[in-house]
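Trainee: Can you read through this structure? Questions will come right after.
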Amino acid sequence: MTRESGECRMLLESGPTPETQSLPRPIRHDVALQGATEPTIESGPICDSPQRSVNRADAIAAVRQLLAAVGEDPDRPELARTPGRVADVFTELFSGIGVDPADALGTPLDNLSTDEIGDLVALTGIRFTSVCEHHLLPFTGTADVYYAPDQRIAGLSRIAAVVESAARRPQLQERFGTDIAHAVMTALQPHGVMVRVEATHGCVAHAAPNAADSRAVTIARLGDISGGALQLALRETRDI
């Protein structure tokens, strides 16, 4: 699959699931109860930013409606706090909606010479959790980011922050790596960038139980990246 000047390759590897899974950051469950079965639904947005506004009351009402639609009783005592919990989890998982992942790179160090920055910068094994936009089920794994700097570099933790930002929205793995690559290319203007993503998918485990331990591997490239970086990424794929 080709997107603009980028190249994305997808492979499916079967085998034991690697210990590369991450969990979302802790979520506050602060839904108060009016009684044994009825949660207090706070009105108005709980997340205001230039990018978006999240209406928690609407989210809670939607979860209650979904429970009722599948034949469950949303007023059952055991489910009293569930809509608020689900609303809070998805608010966190989708916290990157409307946010440009390139912003996570901050202000790069620039006007650097080749002697100072070398030929290739790589940060591997960056854990993430995202949500498949087709089924709203999680996919988890790791991202490896390689870039060939020109005159700019960023702190390594900033690269991890780009991955986190790109993951926090309804996403497709094939697009996820390209989003990261575009962010690095935009902010750092390197000679080239490559992103390798390996993940297990909840939707695959549900639809094809025999592939529950399979791992999807995607590689996205932009610009001129060394063949050595691609060979390294493919070697990692063969070794899993």
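The values are calculated or read from the model by the stated rules, or taken from the named source; none is laboratory data. The structure presented is a predicted model; accordingly, all values stated were derived computationally and were not measured. Cβ coordinates were reconstructed from backbone atoms using ideal geometry, including for glycine residues, and neighbour counts include every protein chain displayed. Protein only, heavy atoms only, side chains kept; ligands, DNA and RNA dropped before computing areas. Shrake-Rupley method; radii C 1.70, N 1.55, O 1.52, S 1.80 Å.
Trainee: Out of curiosity, is Val217 at pLDDT below 90 and touching a Ser or Thr at 6+ places or on another chain (Cβ under 7 Å)?
Mentor: no
Trainee: Let me ask something else about it. Counting just the residues of the stretch 126-138 that are modelled with pLDDT under 95 and out of contact with any helix residue (DSSP H, G or I) (no Cβ under 7 Å at 6 or more places or on another chain), which one comes out least open to solvent (accessible area, probe 1.4 Å)?
Mentor: Filtering the stretch 126-138 for residues that are modelled with pLDDT under 95 and out of contact with any helix residue (DSSP H, G or I) (no Cβ under 7 Å at 6 or more places or on another chain), the one least open to solvent (accessible area, probe 1.4 Å) comes out as Glu133.
Trainee: Of all residues being over 14 Å from Ser157 (Cβ atoms), open to solvent by less than 70 Å² (accessible area, probe 1.4 Å) and outside any loop (DSSP other than H, G, I, E, B) in the stretch 98-123, which is modelled with the lowest pLDDT? Just the residue, please.
Mentor: Ranking the qualifying residues of the stretch 98-123, first place goes to Ile117.
Trainee: Any idea how many residues of the stretch 172-225 are open to solvent by 30 Å² or more (accessible area, probe 1.4 Å) and touching a strand residue (DSSP E or B) at 6+ places or on another chain (Cβ under 6 Å)?
Mentor: Of the residues in the stretch 172-225, 7 are open to solvent by 30 Å² or more (accessible area, probe 1.4 Å) and touching a strand residue (DSSP E or B) at 6+ places or on another chain (Cβ under 6 Å).
Trainee: While we're on this one: With the requirement that a residue be of a type in the set (Ser, Thr, Tyr) and touching a residue at least 12 places away in the same chain (Cβ under 8 Å), what does the stretch 114-154 give you?
Mentor: Result: Thr124, Thr129, Ser130, Thr140, Thr142, Tyr146, Tyr147.
Trainee: On to the next question. For the stretch 158-199, which residues satisfy the criterion of being within 13 Å of Tyr147 (Cα to Cα) and either hydrophobic (A, V, I, L, M, F, W, C) or free of Cβ contacts under 8 Å to residues at least 24 places away in the same chain (or both)?
Mentor: Correct list: Ile159, Ile180, Ala181, Ala183, Val184, Met185, Ala187, Leu188, Val193, Met194, Val195.
Trainee: Still on this model: Restricting to the stretch 152-189, give me the number of residues that are touching a helix residue (DSSP H, G or I) at 6+ places or on another chain (Cβ under 7 Å), in a loop (DSSP other than H, G, I, E, B) and within 13 Å of Val121 (Cα to Cα).
Mentor: Residues meeting the conditions: 2.
Trainee: So, in the stretch 139-154, of the ones that are among the aliphatic types (A, V, I, L, M) and in contact with a Gly (Cβ under 8 Å, 6 or more places away or on another chain), which residue ends up surrounded by the most Cβ atoms within 10 Å (Cβ to Cβ)?
Mentor: Top of the filtered list is Ala143.
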